[in-house]
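Asker: The structure that follows is given in the form of structure tokens.
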Amino acid sequence: MMYILEKKKLNKILSTWAQEHEVFVPQKVEEYSQFLPYTEDSELALKSPHNTRYPPKALFLPQSEVMLKFNNRTQKYEEVNTTPKSRLVFGVRPCDAKAFRLLDTVFDAEDYADPYWKAKRDATILIGIGCEVPPSTCFCTTVGGGPFNQDGLDAILTELEGSYLVQILTEKAETLFASLSPATIEQEKQVEAIQTKAHDSMSPAFETDGLKQKLDQIFESSYWDKISESCLGCGICTFLCPTCFCFDIVDEVQRKERVRNWDTCMFRIYSQEASGHNPRPTRRERTRQRLMHKYSYWLDHIDEIGCTGCGRCVRYCPVGLDIRAMLRTANTHESEAVHA
Amino acid sequence: MSELIAKLKSEIKRLFDEDVVDVVIAFKKADSPLRPQPAFYRKGDSLEDLEYNSLCQNNLANYLTRYPHETRIGIVVRGCESRSVNALVVEKQHPRENLFKIGIPCQGIVDLRKIVKQTGEDVSGYKEDQEKISVVFKNKEYQFDRKDVLHDSCLRCVHPNPVNPDVLLGDPLPEGDPGVLRQAVESFEALTKQERYTWFQQEAERCIRCYACREACPMCYCTECFVDHNPPRWTESTISPAGTQAWHIIRAFHQTGRCTSCGACERACPMDIKMTYLTDKLNEDMLNQYDFAPGMDDTTQPPFASFNLDDKNRFVA
């Protein structure tokens, strides 16, 4: 089913939803954007050619999440109820929605489901918005996605003049838009053209065929020295990445809480062992881990690339390192003798 | 710019030909003309992709501490970078005799965020001269006055010329106005105590603890930063007001008399957090109370790092 949502009615519909759900929308903070709870004063940041800078994965895997509290009086741990009331996230980009589906294979796997992740995922409806003019830093189509990819979404919007066309994708979203008027055949055709044009405007950023095999082959190669040479070793690429999910569980003893925090393989202490030994002692091994995880280990696990081409690591790397260029270099790197 | 790049190439070539250095740290062109990257050239490497313009965002002195002391390093330095190199030499992070500083008087680093705010994202072409910066967005050229699009730190720069370079390429520029340097500090000081705290909170508490500020800073070279220490843990790693505030305060304090106001921390920050108002204030105190400015030579210890039996403050004795 397809509906037409007039832009001038957007705030009204969001307010209506907000009565029943906790609604999150992309909003401007300083010069960046982030998903924040919707209020009547919210200034929606839907115009950006790409996703929010701060990733919406934080809505399901918060950067810091209290898992348990310790009660001094009873000398017992107390569970923390992290089940939110019904949530609706409006304005998710397809790359981020796909990432949620990928992360479900980690946090909601057959043999183990993470209750913190699952409770929030189950309670959330995802309304996406496609990217009409994908910027040059994005590369979703290269990694199997697309600017109007429906993967992981409950509904997706396409911007038209003065309105959005809403495509309902799952039952979850069905009733939300029922009060709107249906789209005309003409509008549906118009949207199809917009989506195709957006998709076709993105040329392949690198060759993915055989890339995993290539990376596996050059694991010990000098290639990694070269590409990691300018890396600062900060956590921007991984923290902003929609599919990076590493965490570190710490006991914040002063506040008597056990907390799960984002962690990153780009930090030295990530792999530092208690003995003092560090199996990933330099940026070479850490950079390798980041790329190998996304473009080799994910394929081992679920036969999918663990990158959705969202472009954040490309846009915000302080030294301008571009994962696409790194992978192009990998593809053309001559295999060589084992690295000393 | 192309004339300067040609000079730079021939100087680097000379350094390798005459066996003066083992590696040269400079900038190179990347796929996007807007994002030149730090580059590391060795003898025999092609210098074809060497780049230098006002989009070179990073403080190259940051990479000095990655090399063994025996490595003879050539490094392209602008004003702030030359002072960072000096400060590192003072702290014995690399011997002066194994450094060759290729100095370039700096007209300031362009802040792409300021440009994008006015054009829109996905800027493509880029051109610059002394006065004007121009970019192409959606096939249209946009022109800006250089001073309108420079990084805040660069607008406040007092010493654009490299300090004691081994060679200077380009003509020296007039020194900056110390009064301008005060502006950020002044506007912060003008606030009431409560307002100052609110401002600090708003900035610090956006922090996602990616430590890009630390990693982009040449003076943050500790093998183990205090936030990474365990056990004991000196600060919470949880994203809490206490943890992020502690990080921002202690980071700034560790820079006292060491920060060369290059602004690399703010340029790297993915959350647009202001930090230099703290370090600039600390630097001002160092200047007023100890007559010391970091990196102005490569021998004077910063006051908080010097131990002297003749110290006029005999509080220890």
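The values are calculated or read from the model by the stated rules, or taken from the named source; none is laboratory data. On a predicted model such as this, the values are computed, not experimentally measured, just so you know. Cβ coordinates were reconstructed from backbone atoms using ideal geometry, including for glycine residues, and neighbour counts include every protein chain displayed. For the accessible areas, the whole protein counts, side chains as well, though only heavy atoms, and no ligand, DNA or RNA atoms are used. Shrake-Rupley method; radii C 1.70, N 1.55, O 1.52, S 1.80 Å.
Asker: Would you confirm, using the coordinates I've provided, whether A:PHE219 is open to solvent by 30 Å² or more (accessible area, probe 1.4 Å), away from chain B (no Cβ under 14 Å), on the phi < 0 side of the Ramachandran plot and touching a residue at least 12 places away in the same chain (Cβ under 8 Å)?
Answerer: Details: open to solvent by 30 Å² or more (accessible area, probe 1.4 Å): yes; away from chain B (no Cβ under 14 Å): yes; on the phi < 0 side of the Ramachandran plot: yes; touching a residue at least 12 places away in the same chain (Cβ under 8 Å): yes.
Yes; evaluated as a whole, the condition is true for this residue.
Asker: Can you confirm whether the range B:168-179 contains a residue that is assigned to a helix (DSSP H, G or I), without any contact (Cβ under 8 Å) to a residue 40 or more places away in the chain, under 22 Å from the mean Cα position of the chain (by Cα) and surrounded by fewer than 17 Cβ atoms within 10 Å (Cβ to Cβ)? Break it down stepwise before answering.
Answerer: Just the residues of the range B:168-179 that are assigned to a helix (DSSP H, G or I), to begin with: B:178-179.
Pick out the ones that are also without any contact (Cβ under 8 Å) to a residue 40 or more places away in the chain and you get B:178-179.
Imposing the further condition that a residue be under 22 Å from the mean Cα position of the chain (by Cα) reduces the set to B:178-179.
In the following step, the residues that additionally are surrounded by fewer than 17 Cβ atoms within 10 Å (Cβ to Cβ) were identified as B:178-179.
Within the range B:168-179, one or more residues are assigned to a helix (DSSP H, G or I), without any contact (Cβ under 8 Å) to a residue 40 or more places away in the chain, under 22 Å from the mean Cα position of the chain (by Cα) and surrounded by fewer than 17 Cβ atoms within 10 Å (Cβ to Cβ).
Asker: Can you name every residue in the range B:54-79 that is assigned to a helix (DSSP H, G or I) and either β-branched (Val, Ile, Thr) or in contact with a helix residue (DSSP H, G or I) (Cβ under 8 Å, 6 or more places away or on another chain) (or both)? Steps first, please.
Answerer: Step one: of the range B:54-79, the residues assigned to a helix (DSSP H, G or I) are B:60-66, B:79.
Answer for the range B:54-79, where residues must be assigned to a helix (DSSP H, G or I) and either β-branched (Val, Ile, Thr) or in contact with a helix residue (DSSP H, G or I) (Cβ under 8 Å, 6 or more places away or on another chain) (or both): B:LEU60, B:ALA61, B:ASN62, B:LEU64, B:THR65.
Asker: Given the conditions (1) more than 9 Å from chain B (Cβ to nearest Cβ); (2) farther than 19 Å from A:ASP225 by Cβ, report the number of the one that A:VAL250 does not fulfil.
Answerer: (1)
Asker: Another question about this same structure. Within the range B:52-77, how many residues turn out to be within 12 Å of another protein chain (Cβ to nearest Cβ), touching a strand residue (DSSP E or B) at 6+ places or on another chain (Cβ under 9 Å) and open to solvent by less than 30 Å² (accessible area, probe 1.4 Å)?
Answerer: Looking only at that region, the number is 6.
Asker: How many residues does the range B:262-317 hold that are within 14 Å of another protein chain (Cβ to nearest Cβ) and either closer than 29 Å to B:PHE100 by Cα or β-branched (Val, Ile, Thr) (or both)? Spell out the reasoning first.
Answerer: Initially, the range B:262-317 is screened for residues within 14 Å of another protein chain (Cβ to nearest Cβ), giving B:262-275.
Cutting the leftovers down to either closer than 29 Å to B:PHE100 by Cα or β-branched (Val, Ile, Thr) (or both) gives us B:262-268, B:273.
Count: 8.
Asker: Something else now. Any chance you could count how many residues in the range A:109-151 are without any contact (Cβ under 8 Å) to a residue 40 or more places away in the chain and in a loop (DSSP other than H, G, I, E, B)? Let's see the steps before the verdict.
Answerer: As a first pass, look at the range A:109-151 and keep what is without any contact (Cβ under 8 Å) to a residue 40 or more places away in the chain: A:109-115, A:118-119, A:122, A:126, A:128, A:136.
Filter once more, so that each one left must be in a loop (DSSP other than H, G, I, E, B): A:109-112, A:114, A:136.
The number of residues fulfilling the criteria is 6.
Asker: Identify, please: which residue in the range A:295-336 is open to solvent by less than 50 Å² (accessible area, probe 1.4 Å), away from every other protein chain (no Cβ under 14 Å) and touching a Leu at 6+ places or on another chain (Cβ under 8 Å) and is, among those, farthest from B:MET271 (Cα to Cα)?
Answerer: Among them, the one singled out is A:ASN331.
Asker: List the pairs whose first member sits in the range B:219-233 and is more than 24 Å from B:ASN283 (Cα to Cα), whose second member is modelled with pLDDT of 90 or more, and whose Cβ atoms are under 6 Å apart, counting only residues at least 6 apart or on separate chains?
Answerer: These pairs meet every condition: B:ASP228/A:ILE269.
Asker: Hey, another quick one. Consider A:GLU30 carefully, then state whether it is more than 15 Å from A:GLY91 (Cβ to Cβ), of a type outside the set (S, T, N, Q) and within 14 Å of chain B (Cβ to nearest Cβ).
Answerer: Working: more than 15 Å from A:GLY91 (Cβ to Cβ): yes; of a type outside the set (S, T, N, Q): yes; within 14 Å of chain B (Cβ to nearest Cβ): yes.
Yes, satisfied.
Asker: Mind listing whichever residues of the range B:240-259 are open to solvent by 10 Å² or more (accessible area, probe 1.4 Å) and within 13 Å of the chain's Cα centre (by Cα)?
Answerer: Of everything in the range B:240-259, those that are open to solvent by 10 Å² or more (accessible area, probe 1.4 Å) and within 13 Å of the chain's Cα centre (by Cα) turn out to be B:ARG258, B:CYS259.
Asker: Further question: Can you find even one residue in the range A:268-280 that is buried (at least 18 other Cβ atoms within 10 Å of the Cβ) and facing chain B (nearest Cβ under 8 Å)?
Answerer: No - not one qualifying residue is present in the range A:268-280.
Asker: Within the set of pairs 6 or more residues apart or between chains, which connect a residue that is assigned to a helix (DSSP H, G or I) inside the range A:182-208 to a residue that is open to solvent by 80 Å² or more (accessible area, probe 1.4 Å) with Cβ atoms less than 8 Å apart?
Answerer: A:ILE194/A:GLU132; A:ALA198/A:GLU132; A:ALA198/A:VAL133
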